[in-house]
Amino acid sequence: MFQTREARMAVRETLLVVIAAGAAFLFINHSNLYLAGPFALQDVRIESYVLATIVLYLFMRVAIIAMEMRPPRGHGEAVRCPECGQWIDDPTAAGKEAHRALELTPKPTPREVVSAVALRKAVDAARVVPHSSARVLPGTMPAPPSDSAVVTSNDLVAALNDPDLLERLRHSPTAPPDLKLKR
């Protein structure tokens, strides 16, 4: 009969309004349901029927929406891992051990470790000697850095060429001005 989705929706909403209007009529004239006397309508204005119809229609729509909602799915036997916070599907001891056996982040390769250490040394050396763009010879000590010095890219390159610069400064006769460096 109603082939399109819009036609079915229109008929459904019309039926809801008709049901709401009938319920509003019974709500306002509920004294007739007691069968205590002859059928008589209440002496109210038409706006009362319209308002009651709107309120009952909205109530039915909210009830229908609430009934169509699905309850949230429970996790059954799933438990959260205290270390990583992920759900463990198998709460038995074997399932927990299998979850712990999974490696979430890969361990760095030796090459990555060496490059990270070299970069860290270069940055530390550049912080200690900010203006050592000129090459520092192994037997000599550079001038002490000033507090207002800015690290430049040339300083980082110089620190890469001489990774032991930081160690020489730490063990020099004059204390470096950087308080983070300890003797």
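The values are calculated or read from the model by the stated rules, or taken from the named source; none is laboratory data. The shown structure was predicted, so the numbers you read here are calculated from the model rather than taken from an experiment. Note that we place each Cβ from the backbone using ideal geometry, even for glycine, and neighbour counts take in every protein chain shown.
General observations
- Meets criteria (closer than 30 Å to residue 98 by Cα, surrounded by 11 or more Cβ atoms within 10 Å (Cβ to Cβ) and out of contact with any Cys (no Cβ under 6 Å at 6 or more places or on another chain)) for residue 79: yes
- Filter result for residue 44 (in a loop (DSSP other than H, G, I, E, B) and in the same structural domain as residue 21 (by TED's automatic domain parsing)): yes
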